[in-house]
1. Of all residues in the range 279-299, which are among the aliphatic types (A, V, I, L, M) and out of contact with any Ser or Thr (no Cβ under 8 Å at 6 or more places or on another chain)?
2. Working only within the range 55-76, note down all residues that are at pLDDT below 90 and either surrounded by fewer than 18 Cβ atoms within 10 Å (Cβ to Cβ) or of a type in the set (F, W, Y) (or both).
3. Is it the case that some residue within the range 292-307 is open to solvent by less than 60 Å² (accessible area, probe 1.4 Å), free of Cβ contacts under 8 Å to residues at least 40 places away in the same chain and closer than 30 Å to L64 by Cα?
4. Cβ contacts < 6 Å: first residue surrounded by 10 or more Cβ atoms within 10 Å (Cβ to Cβ), restricted to the range 135-164; second residue in a loop (DSSP other than H, G, I, E, B), any location; separation 6+ or different chain. Result?
5. If you check every pair at least six apart or on different chains, which have Cβ atoms under 9 Å apart with a residue in the range 204-229 that is modelled with pLDDT of 80 or more and open to solvent by less than 90 Å² (accessible area, probe 1.4 Å) first and a residue that is assigned to a strand (DSSP E or B) and basic (K, R) second?
6. Considering only the range 11-53, state which residues are within 15 Å of the chain's Cα centre (by Cα), open to solvent by less than 70 Å² (accessible area, probe 1.4 Å) and either charged (D, E, K, R) or farther than 25 Å from D174 by Cα (or both).
7. Can you tell which of L331, L314, L283 is of a type in the set (A, V, I, L, M, F, W, C), closer than 17 Å to K149 by Cβ and assigned to a helix (DSSP H, G or I)?
8. Given the criteria of a type in the set (S, T, Y) and outside any helix (DSSP H, G or I), does S124 qualify?
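The values are calculated or read from the model by the stated rules, or taken from the named source; none is laboratory data. All figures in this text were calculated on a predicted structure; none of them were measured in a lab. All Cβ positions, even for glycine, are placed from backbone atoms using ideal geometry, and neighbour counts span all protein chains on display. Remember, those area values only see protein heavy atoms, side chains included, never the ligands or the DNA or RNA. Shrake-Rupley method; radii C 1.70, N 1.55, O 1.52, S 1.80 Å.
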Amino acid sequence: GQNELRGVRGAETSLRFSQLIELGDKRTRRIDLARADKRLAAWDYESTRLMLFAQTTKRFVDVLAAQERVTLAQENFKLAEQTLSIIADRVKQGVAAPVERDKATVRLSTERIVLARAQRQLESARHQLAATWGSSTPRFSSVNGELDKPLMLPTLEALSIAASDHPRLARWDDEMVQRRAALELARAKGVPDLTAGAGVMHMNGMDEVVFMGQVMIPLPRFDRNQGAVLEAVYGVGQATLQRQSDRTALLASLASAYHETSASLEESRILQTETLPAAKASLDAAQDAYRNGKVTYLDVLDAQRTYVDVRKQLVDAQASAHAGGAMVEGLTGKPVK
């Protein structure tokens, strides 16, 4: 500037304070939305907890079943050793052909391979169970449980009713509240806010101090948050459809787990009460007959394989039943005894 305005002679120095005053009840809308988000987080945590419980139980059952398979493999290996010893004695006595000893030797080496595989599978199952709680190395040597313990599975109708209280479905009431709260907040944001302020100004040219006040409010001629409002409206409608879809999917998973568990329980019952005793009796009879020279080693081998297969089927069926029971518990939130 020139003359009186030269340098800082005519400068004006001001200090102002302003405060945003929200209109449209935005603060209340944000609080409502945050509370709904908190309740949804609690539901999601509970749902995740139930499914983690089901997964951990399944891995526990896998370890328990793997232990049983190792025990079976060890027994079968000892049985093959005993059979080979018996046949070797008969070959020395000249009452059995050397080819039968060769077959028994092959059977023994096969059982050794089966045992090694079962031990590796057990080690893998132990690592997977330990990984459930974040451990890279299992710090346990075995687990205790009863695969042959029967499950009392309720009816599918009773389980479906119980599933209605599952966190995965119960959360949708709060999900609808959350979507509506988001809609109300989006509408509130379409209302312009008010900014009020006050301050002081010093004018060097006049050597005067004056007080100032200001009020500002934008004029949203083109942007009234219409896009966010429309998105929130569609979000409410989408939640209604997702709620029904989630319920249908959960009940379908429950029905599948229920029928698989029921089938495994029935299979276990038949194998344990009918098939296994018959296979054991057949094996004992074949071994006695072979010692007396009434049957060949092939007959004993066939009886052994049948007995081994039945025992393996029983372990698989029992493990499947308990794993299915854990899945049913995870889908209903109710224990299956």
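1. Kept after step one, since they are among the aliphatic types (A, V, I, L, M), are these residues of the range 279-299: 279, 281, 283, 285-286, 289, 295, 298.
Result: A281, A285, A286, A289, V295, L298.
2. E75
3. Taking the range 292-307 first, the residues open to solvent by less than 60 Å² (accessible area, probe 1.4 Å) are 293, 295, 297, 300-301, 303-304, 307.
Adding the requirement that they be free of Cβ contacts under 8 Å to residues at least 40 places away in the same chain leaves 295, 303, 307.
Next, only the ones that are closer than 30 Å to L64 by Cα stay: 303, 307.
Yes, the range 292-307 contains a residue that is open to solvent by less than 60 Å² (accessible area, probe 1.4 Å), free of Cβ contacts under 8 Å to residues at least 40 places away in the same chain and closer than 30 Å to L64 by Cα.
4. Filtered contacts from the range 135-164: L151/V336; A162/K334.
5. M212/R16; Q214/R16
6. Those that are within 15 Å of the chain's Cα centre (by Cα), open to solvent by less than 70 Å² (accessible area, probe 1.4 Å) and either charged (D, E, K, R) or farther than 25 Å from D174 by Cα (or both): D44, E46.
7. On the way: L331 fails: closer than 17 Å to K149 by Cβ; L283 fails: closer than 17 Å to K149 by Cβ.
It is L314.
8. Values: of a type in the set (S, T, Y): yes; outside any helix (DSSP H, G or I): no.
No; evaluated as a whole, the condition is false for this residue.
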